[in-house]
Amino acid sequence: MRAIAYPPEIEELIGRFKQLPGIGRRGAERMVSALLKQPEEEIVSLGKLISCLPETVTRCPRCGALASHGKLCAVCDDESRDASVICVVENMTQLIAVEASREFRGVYVVLGGKLDPLASENGANLNLKNLMERAASPEAKEVILALTSDVEGRATAVFLSELLAKYPVKITRPAQGLPAGANLSFADAATIAAAFSGRN
């Protein structure tokens, strides 16, 4: 007896959802199943939103964050932000995480990725233009390299530090170590070492 399979159109949609980060076969099947339960107008509306993304969403010309087409992002459009402090992040998700803390009132540069030290990259894939423009501004005083603390993030931080050395800005990194409310007993040695070296 032949096994029952989804129609080819459903299989193709499942395959597309599987390409998204963190989505496996089962998750993709559940998403497609949920979509099929929606009213037809909801599915059509969602399809239009997705198909219009390339025209409606672009990169902010000042920092590289996501923005409505032809406009500055919400941060760059806010004149009350402190342009003397520049926070460099890898992607929009990290920018939103920093903003959620409500501690940072400066401006950003979104790199759009990080370096792979094994690939001998020269940073051509990174948003270096916006970073250099902001660092060269007369009001710039500090650049915070808020990058992931993995091998690629550290390599990117070193690379950017060398590029920024010609500008009269202080280069810093956020303190790393124990998260708020963490139990010291359960922290690994690298985390404890980072917490002790960056203590204040």
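The values are calculated or read from the model by the stated rules, or taken from the named source; none is laboratory data. This one's a predicted model, so the numbers in the text were calculated from it and none came from an experiment. For neighbour counting, all protein chains shown are included, and Cβ atoms are generated from backbone atoms with ideal geometry for every residue, glycine included. Just so you know, the surface numbers come from the protein's heavy atoms only, side chains and all, with ligands and any DNA or RNA stripped out. Shrake-Rupley method; radii C 1.70, N 1.55, O 1.52, S 1.80 Å.
Here is how the numbers come out for the structure above:
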| quantity | calculated |
| --- | --- |
| Residue that is least open to solvent (accessible area, probe 1.4 Å), among those in the range 128-143 that are among the small types (Gly, Ala, Ser) and in a helix (DSSP H, G or I) | Ala135 |
| Hits in the range 159-192 (condition: over 23 Å from the mean Cα position of the chain (by Cα) and modelled with pLDDT under 80) | Gly181, Ala182, Asn183, Leu184, Ser185, Phe186, Ala187, Asp188, Ala190, Ile192 |
| Any hit, the range 44-59, residues being touching a helix residue (DSSP H, G or I) at 6+ places or on another chain (Cβ under 9 Å) and small (Gly, Ala, Ser) | no |
| Number of positions in the range 138-172 that are of a type in the set (D, E, K, R) and either within 19 Å of Tyr108 (Cβ to Cβ) or touching a residue at least 60 places away in the same chain (Cβ under 8 Å) (or both) | 4 |
| From Leu131, Leu126, Leu111, Leu95, residue being touching a Phe, Trp or Tyr at 6+ places or on another chain (Cβ under 6 Å) and either within 21 Å of Leu72 (Cα to Cα) or at pLDDT 95 or above (or both) | Leu95 |
| Residues of the range 144-162 that turn out to be hydrophobic (A, V, I, L, M, F, W, C) and surrounded by fewer than 16 Cβ atoms within 10 Å (Cβ to Cβ), as a count | 2 |
| Residue match in the range 104-127 (condition: in contact with a Gly (Cβ under 9 Å, 6 or more places away or on another chain), basic (Lys, Arg) and part of a loop (DSSP other than H, G, I, E, B)) | yes |
| Within the range 70-109, considering residues that are open to solvent by less than 80 Å² (accessible area, probe 1.4 Å), in contact with a strand residue (DSSP E or B) (Cβ under 6 Å, 6 or more places away or on another chain) and of a type in the set (D, E, K, R), the one farthest from Leu53 (Cα to Cα) | Asp82 |
| Pairs, first in contact (Cβ under 8 Å) with a residue 12 or more places away in the chain in the range 44-69, second part of a helix (DSSP H, G or I) and loosely packed, with under 12 Cβ neighbours inside 10 Å, C-beta under 7 Å, six or more apart | Ser68/Thr56; His69/Glu55; His69/Thr56 |
| Enumeration of residues in the range 87-103 that are in a loop (DSSP other than H, G, I, E, B) and touching a Cys at 6+ places or on another chain (Cβ under 7 Å) | none |
| Condition broken by Ala190, with the remaining ones in (1) among the aliphatic types (A, V, I, L, M); (2) farther than 27 Å from Cys73 by Cβ; (3) open to solvent by 60 Å² or more (accessible area, probe 1.4 Å); (4) in contact with a helix residue (DSSP H, G or I) (Cβ under 9 Å, 6 or more places away or on another chain) satisfied | (4) |
| Some residue of the range 45-59 being in contact with a Cys (Cβ under 9 Å, 6 or more places away or on another chain), of a type outside the set (D, E, K, R), open to solvent by less than 100 Å² (accessible area, probe 1.4 Å) and under 30 Å from Ala136 (Cα atoms) | no |
